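Please read through the structure below; I'll follow up with questions.
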Amino acid sequence: MRLEAEEWNDRGNYRVSILHRFEKSIFVQLVEIKGRVGRHFHRRQTEVFVIADGSGTLEIGKERYHAKCGDVFLCPPGTIHSVEGNLKIIVFKYGYEENDSYWLE
């Protein structure tokens, strides 16, 4: 697996690129954030965030973290989360399903 972005999907304040797909519901993506990604949750998927570059604020559940390069965070299904800053995050997704993002803002 190479951690090299090939095709980007622009989503406003952030963009995503799938780096490697193990199967339909399990993959690794690179997320570049420039600004704020609002509060949301996923009913089925678990996400593991590895901060690859930059810094910012990450909220997971009731906790608020100053995220910087090298930090790792776990976000279980049903947990409200958001992020703000200028970051590159490697995201490991498990249990992914289409339309499993529920935006609160």
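Within the range 1-34, can you find the residues that are among the polar types (S, T, N, Q) and either over 15 Å from LYS93 (Cα atoms) or surrounded by 17 or more Cβ atoms within 10 Å (Cβ to Cβ) (or both)?
Within the range 1-34, ASN9, ASN13, GLN29 meet the criteria.
Conditions tested, residue by residue: (1) without any contact (Cβ under 8 Å) to a residue 12 or more places away in the chain; (2) not in a strand (DSSP E or B).
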{"residue": "SER17", "(1), (2)": "no, no"}
{"residue": "VAL37", "(1), (2)": "no, no"}
{"residue": "PHE49", "(1), (2)": "no, no"}
{"residue": "TYR65", "(1), (2)": "yes, no"}
{"residue": "THR79", "(1), (2)": "no, yes"}
{"residue": "VAL91", "(1), (2)": "no, no"}
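Quick check, is CYS69 loosely packed, with under 15 Cβ neighbours inside 10 Å and not aliphatic (A, V, I, L, M)?
yes
Throughout, read-outs are computed from the coordinates displayed, never taken from laboratory work. Remember, it's a predicted structure, so these values are computed and weren't measured experimentally. For neighbour counting, all protein chains shown are included, and Cβ atoms are generated from backbone atoms with ideal geometry for every residue, glycine included.
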